Amino acid sequence: MNNEVRVRFAPSPTGALHIGGIRTALYNYLFAKKNNGKFILRIEDTDRSRFVSGAEEYISEALSWSGIEPDESPSKGGEFGPYKQSERKGIYSKHVQRLLDDDNAYYAFDTPEELTAMRERLQAAKVDSPQYNGITRMQMQNSLTLSKDEVSKRLESGDPYVVRLKVPVKEEIRLKDMVRGWVMVHSSAIDDKVLMKSDGMPTYHLANVVDDHLMKITHVIRGEEWLPSAPLHVLLYRYLGWEDSMPQFAHLPLLLKPNGNGKLSKRDGDKLGFPVFPISGQFPGKDGAPELFSGFREAGYLADAFINFLALLGWNPGTDEELFSMSELIEAFSIERIGKSGAKFDIDKAKWFNQQYLKSRSGDELTGHLSKHIKAEHIQYNEEKLSQICDVLKERVEFPQELWVEGLFFFVRPQEYDEKVISKKWNEAVVQVLTKFAERLNKLPNVTADQVKDIFFLVLEELGVKMGQVMQSLRIALTGKGSGPDLMAVMSILGPAETAERIKIAIDNIPIKIEQ
Ligand code: GLU
């Protein structure tokens, strides 16, 4: 089992998970399953100042709704747990000690005021991005500048400190990214990142690398925003002696605004009226006030449509094929087909997918969307009819919640009739046909659904009226509206008695318009 592919999705519980995060999870999942490997969920919650209560539950629910089930996770456990970093606190110190012992890390005692003064000094000297790095560290309060005795004294007396990585001054750091190819960064562009604080809590960089190593992660597939951190991670693997088993990296392209102009944000969704989160939730916003995050699930997207849509935002199968179930995605997925450039978000495409998946559902699978309303309204209807109704309506809707609105006329007789159609179509000849049709239906109470159709055509023939002259009026009588699903199917579902009754009510209520 040495070569087993092991990937992880490592979100921080800082609020709602953007769909970009779900896409990262999805690509990890697909890659793992394609390679008979393991997909791990690890919660990176070492930064307690950004911790948001309920966010971890949100992440689990969003993954579960999306059909992305981890093989190992905080709730499921596994051989390499715990899978929540705050529960792994004791694990990191010995690795930090190794870095300190090998002179690849150092203690820094600078106070916040001293750090601010350093930044201001550099800014005044026109340094673009002031950093604690190979040059500035020699002017600060740390174990590189203070005597050994002084350092021990400060540590013993409990002075607050951090441990920083000692980034080499002149070195080129290279890493091969599976999406981008070779990436080269000069060490002067990297600052001496804090690895651990005096309370023993590691920072993201340290915990991430240590855990990826200990959890035997083989591939790190994550968002492009982490690419600048990757060289730092390479240094950590090197200094910890793990470079030989370092995971391979794949940094995913950004999800862009619909116009391609920058990263897709919650604000774009709010402004343009679509969700950018998988499921709804409420978390503190930037100013701390509760903010509502609307979700794809609540907007009526089917999970498989959502996943299909998301999979194609940044990856392509190399063919024109667009519809993929999860197992088909697993079969087709490869990192080589992930694009380098950002993927433009297109909500119309998401709706298109939803419609395709709705259409492919059987009537039976959709009845739940109607039965909850039926129950609430105390309407009597059998499951078989509901299923037939869903079957005729599913072609006409993008979202399941539209089934009820679109199909309301099946359950409630029309209360009004579309005036525009009546004024043009409702005439003497029409009323004659409809009257005769209704009478026939009443005379033959046991007529089957299919026979209703035949009787209608027979009446038309007898009266010498063309179908086109009557169809819309018949639709008005039965549904109140000028358009809708196939009328023959509507009559077959309503049945002969109800069809006849609705026609009678319409004739009684709609005055005849004189034809010019
Ligand atoms: N905790 C990081 C995040 O919130 C994980 C980045 C990574 O995958 O290395 O996205």
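The values are calculated or read from the model by the stated rules, or taken from the named source; none is laboratory data. Predicted model, so just to flag it, every value in this text is computed and none were measured. Backbone-built Cβ (ideal geometry, glycine too); neighbour counts: all protein chains shown. Note: accessible area is taken over every heavy atom of the protein model, side chains too, but ligands, DNA and RNA are not part of it. Shrake-Rupley method; radii C 1.70, N 1.55, O 1.52, S 1.80 Å.
Within the shell defined by Cβ-Cβ distances under 10 Å, the residues around residue 362 carry a net charge of -1, with Lys and Arg each +1 and Asp and Glu each -1. Rolling a 1.4 Å probe across all protein chains gives residue 436 an accessible area of roughly 60 Å².
When the convex hull of its Cα atoms is viewed from all sides, the chain shows a mean projected area of 33.4 nm². Among 203, 116, 499, the order of accessible area from largest down is 116, 203, 499, computed with a 1.4 Å probe on protein heavy atoms. Between helix 204-214 and the chain there is an angle of about 90 degrees, using the helix long axis and the longest principal axis of the Cα atoms. Is region 317-421 best put as rounded, prolate or oblate by its Cα gyration tensor, with a ≥ b ≥ c the root eigenvalues, rounded for a/c under 1.5, and otherwise prolate when a/b is larger than b/c, oblate when not? It is prolate, given that a/c is not under 1.5 and a/b is the larger ratio. Of the residues 327, 12, the one with the largest accessible area comes first in the ranking 327, 12, computed with a 1.4 Å probe on protein heavy atoms. For the chain, averaging the sequence separation of C-alpha pairs within contact (under 8 Å, six or more residues apart) and dividing by the residue count gives a relative contact order of 12 percent. Summary value for region 435-516: 44 percent relative contact order, contacts being C-alpha pairs under 8 angstrom separated by 6+ residues. Using only Cα atoms, tell me the angle between helix 402-411 and the longest principal axis of the chain; keep it within 0 to 90° and round to the nearest 10. That helix lies at roughly 20 degrees to the long axis.
Relative to the first principal axis of the alpha-carbon coordinates of the chain, what is the inclination of helix 19-34, with its axis defined by its Cα atoms, in degrees from 0 to 90 and to the nearest 10? Roughly 80 degrees, rounded to the nearest 10. Measuring only protein heavy atoms, the 1.4 Å probe finds residue 426 accessible over about 0 Å². Once you reduce region 107-150 and region 351-379 to the center of their Cα atoms, the two points are 63 Å from each other. Just check region 209-345 against the gyration tensor rule for me: Cα atoms, a ≥ b ≥ c as the square roots of the eigenvalues, rounded for a/c under 1.5, and otherwise prolate or oblate depending on whether a/b exceeds b/c. Oblate shape, in that a/c is at least 1.5 and b/c is the bigger or equal ratio. Residues 102, 450, 212, sorted by accessible area with the largest first, give 450, 102, 212 [1.4 Å probe; ligands and nucleic acids excluded]. Cα centroid separation, region 225-240 to region 380-456: 66 Å. Each Lys and Arg Cβ is given +1 and each Asp and Glu Cβ -1; about its Cα centre, the chain then shows a dipole of about 620 debye. Taking every DSSP helix (H) stretch of at least 4 residues in the chain, weighting each as -39,500 (n - 2.57) and dividing the sum by the residue count yields a mean residue ellipticity at 222 nm of -14000 deg cm²/dmol. A 1.4 Å probe, protein heavy atoms only, puts the accessible area of residue 69 near 100 Å². Note that the chain presents 49 Å² accessible area per residue, ligands and nucleic acids not counted, probe 1.4 Å. Rolling a 1.4 angstrom probe over region 241-316 with all protein chains present gives an accessible area of which 51% lies on carbon and sulfur atoms.
Rounded to the nearest 5, the antiparallel percentage of DSSP beta bridges internal to region 9-168 is 65%. Restricting to the chain, what percent of DSSP beta bridges are antiparallel, rounded to 5? Bridges in the chain are about 60 percent antiparallel. Here the accessible area of region 1-102 is 42 percent carbon and sulfur, with a 1.4 angstrom probe and all protein chains present. Peptides 306-314, 362-370, 459-467, 232-240 ranked from most to least packed, by the mean per-residue count of other Cβ atoms within 10 Å: 306-314, 232-240, 362-370, 459-467. Taking the 1.4 Å solvent-accessible surface of region 415-516 as the whole, the part contributed by carbon and sulfur is 51%.
Taking square-rooted eigenvalues a ≥ b ≥ c of the alpha carbon gyration tensor, is region 395-458 rounded, prolate or oblate, where a/c under 1.5 means rounded and, failing that, a/b exceeding b/c means prolate? Verdict is oblate for region 395-458.
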